[in-house]
1. For the chain, find the longest principal axis of its Cα atoms and tell me its angle to the long axis of helix 73-84, 0 to 90°, nearest 10.
2. How big is the charge dipole of region 3-97 about its Cα centre, in debye rounded to the nearest 20, if each Lys and Arg gets +1 on its Cβ and each Asp and Glu gets -1 on its Cβ?
3. Could you work out the helix-only [θ] at 222 nm for the chain, with each DSSP H run of four or more residues adding -39,500 (n - 2.57) and the total divided by the number of residues, to the nearest 500 deg cm²/dmol?
4. Where the Cα atoms of the chain are projected onto their three principal axes, how long is each span, largest first, in whole Å?
5. Using only Cα atoms, find the angle between the long axis of helix 150-159 and the longest principal axis of the chain, and express it within 0 to 90 degrees, rounded to the nearest 10.
6. Kindly count the pairs of lysines across region 7-159 whose alpha carbons are less than 18 Å apart, treating pairs on different chains or eight or more residues apart as eligible.
7. Which aspartates and glutamates have a Cα lying under 17 Å from the Cα of Lys163, excluding residues fewer than 8 positions away in the same chain?
8. So for each of 211-224, 12-25 I average, over its residues, the number of other beta carbons within 10 Å; can you give me the resulting order with the highest mean first?
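Just so you know, all these numbers are worked out from the coordinates, no wet-lab data involved. It should be emphasised that the depicted structure is a prediction, and the values quoted were computed from it without experimental measurement. Virtual Cβ from ideal backbone geometry, glycine too; neighbours counted across all protein chains shown.
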Amino acid sequence: MPEVGYELYRLITVSGTDRIAFLQGQLSQDISRLKSSGRMLAAWCNPKGRVIAIFRVIDQGREIALLVPEALLEKLVQRLTMFRLRADVEFTVSDDFGGLIQDDEADLVKLIRAGVPNIDDTNTEAFTPHMLNLDKLGAISFSKGCYTGQEVVARTEHLGQSKRRLMRYEADLDGIAVGDKLSEADRNVGEVVNVVGRELLAVTPVELHKQPLKIGAATVTPRGLPYEL
């Protein structure tokens, strides 16, 4: 995954009279509020509540723009089309963002430091929204109606604090990769979600968030997040 670049994303434009209702039944956000907010972060989950992808959802008047991970574009379009059924929605793919993407969203280092995960083809459907701190990032509505995976997400919220969450770390060696396991006392306890150089985001037990962990020969030290867990 590149450090900086608009190639992280592609654009899916959703049009048609049912665009809001359709996305309302698919995404974790309350799309009915998009007109007033203008822009939202949202998760698209599978029925087991695992995050397929994270979308930037943008109001475009008679259309809704979805900034989606480039590596998942084909899968996302196929899956959206599969769920369309008789809804009046159309999907148009483009790599012309027309200024829709914000500079911070195209800089993976800044995203890591902000504690904002990116999901691509290496870790799609691996984590729940709570594991990725999407509830803390305002990407989930707990008051809207049903959507795919909603039952699992709501149950996690109502049961209280998630035991495994995203944390930011810094390694003392190079060579860390997405999917690498973090260990504590020879026990695998977490997994790398995003990494650039020695900076990374990983899902690990909350109870271990204040202590260094290992990835092979490397020691990774927690660096904290700009929001409360």
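1. For helix 73-84, the angle is close to 50 degrees.
2. Working: 13 positive and 12 negative charges, 97 e Å.
The calculation lands at about 460 debye.
3. On the way: 5 runs with 38 residues, N = 229.
About -4500 deg cm²/dmol.
4. Here the spans come out as 55, 38, 29 Å, largest first.
5. Result, in degrees: 40.
6. Details: Lys35/Lys144; Lys48/Lys75; Lys110/Lys136; Lys136/Lys144.
Counting lysine pairs in region 7-159 gives 4.
7. Asp135, Glu184, Glu191, Glu207, Glu228
8. Numbers: 211-224: 16.3, 12-25: 17.9.
Descending packing order for the listed peptides: 12-25, 211-224.
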